[in-house]
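Any read-out appearing in this document is the output of simple, stated calculations on the displayed coordinates, not a laboratory observation. The structure displayed is predicted, hence computed values, not measured ones. Methodologically, a virtual Cβ is constructed for each residue, glycine included, from the backbone with ideal geometry; neighbour enumeration extends over all protein chains shown.
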Amino acid sequence: MEINFDEILVKPFIDKIDSGLITVSQGVLVFATLLALIDFTFTMIRTIENRDQLMKSMMERMLKYTFWFGIILNYTKIKEILLDTFIGLANVFSDKNIDTSVIIGDVFNKNMADINKILDAANTMTGLGNMGWKLLYYFCWILAFILLIWIIVSILFAVIAFHFVAGISILFICFATFDGTNSLGEKFITAVVGAGMNLAVILIIELLCNNVMEDYLFPNGAVTDAINKPQLIFGWLGIFAVFS
C-alpha cells in the first residue's frame, strides 16, 4: 500500500507557510514601493540636468521595478519553478524520476519496494540450517527500514525548509534592485540557492543508493541470488547507513 506522505505531512506545513508569506508579501510590497519612490526621486535628482541620461535611468528603473514586483506578486509560481529545477537536477542521477508533487511518497515507496526484497530473500530460505541467515536478513530489513525513516525525516525537513527559505527569499529578493539594499537582496539569492542545493544533494544521495540496490543487489528484481550473496546485502546496508 502506497502512503501519500506529501498530503499528510508536507502539504499542511506548506499551506501554513504560504498563508504567512501572503501576509508578509503585502508588507514587502508597501516597503518596496516606498524604496522605489525614494530611489526614483534620487535618480531623477542626479540626472535632471542630462535629459538623455534621465530618460535612460528612468526606463531602467521602471523595468527593474516591474520585473521584481512581478516576482513578488507571483512568488508561489516562482517557488514551484525553483523546486522543479532542483528536483530535476536530482533526477539526472537516476532512471526513476521523482515527482515534485509527491517527493516524500516517491522516495518512501521506491525504497520500500527495494528493501522488501531483503524480506523476500529471507522468506525463500527454508530449513533449520538457514534459520540463522533468515533471522539476520530480518534484522537487516528492520535496520534498513529504520534508516529509510531517517532519510524520509531528513528529506521532509529539507522540503519544508526549501519552501520557507525560497518563499521568504523571493519576496525580499527585490531589494537587490536598490543601491542601498542590494547586498541584502544578494544574501537572499544565496539563501534560496543553498536551500535548493541542500534538497537536491539529499535526493541525489538517496537516488544513488537506490541505484546501487537495484543494479547490484537485486538486478532485474531477482531475490534468489541474494541468498548466496549476503555480502551484497551487508555492503548495500553499509552504504545506506553511511549516506543516511
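Per the Kirkwood treatment, what hydrodynamic radius in Å, one decimal, follows for segment 67-173 from the mean inverse distance over all distinct Cα pairs?
About 16.7 Å for segment 67-173.
Express in whole angstrom the spacing between the alpha-carbon centres of segment 42-67 and segment 100-136.
66
Calculate, axis by axis, the spread of Cα positions in segment 1-117 along the three principal axes, and write the results as whole Å, longest axis first.
77, 31, 13
Select from segment 1-75 those GluC sites (Glu not before Pro) which occupy a DSSP coil region and have at most 10 other Cβ atoms within 10 Å, ordered by residue number.
Glu49
At 0.36 nm per residue, minus the direct Cα-Cα distance, what do Asn116 and Thr76 gain on full extension? Give it in nm, one decimal, please.
Full-extension gain reported as 10.6 nm.
Determine, for each peptide in 196-207, 115-126, 11-22, the mean count of other beta carbons within 10 angstrom over its residues, then list the peptides with the highest first.
196-207, 115-126, 11-22
Could you check the simple spin-label distance between Glu60 and Ser154, using points 7 Å along Cα→Cβ, in nm with one decimal?
Result: 4.6 nm between the two label points.
Need one number: nm distance between label points at Asn130 and Asp15, each 7 Å from Cα along Cα→Cβ, rounded to one decimal.
The two pseudo-label positions are separated by 4.8 nm.
Where a ≥ b ≥ c are the square roots of the eigenvalues of the C-alpha gyration tensor, would you call segment 27-78 rounded, which needs a/c under 1.5, or, failing that, prolate if a/b is larger than b/c, or oblate?
oblate
Return the ratio Rg/(2.2 N^0.38 Å) for segment 121-209, where Rg is computed over Cα atoms only.
1.87
Given a Förster radius of 25 Å and the C-beta distance between Arg46 and Thr190 as r, what FRET efficiency does 1/(1 + (r/R0)^6) yield to the nearest 0.05?
Step by step, r from the Cβ atoms, then E = 0.25.
List the trypsin sites (Lys or Arg not before Pro) in segment 20-106 that DSSP assigns to loop (not H, G, I, E or B) and whose Cβ has at most 13 other Cβ atoms within 10 Å. Which are they?
Hits after loop and neighbour filter: Lys96.
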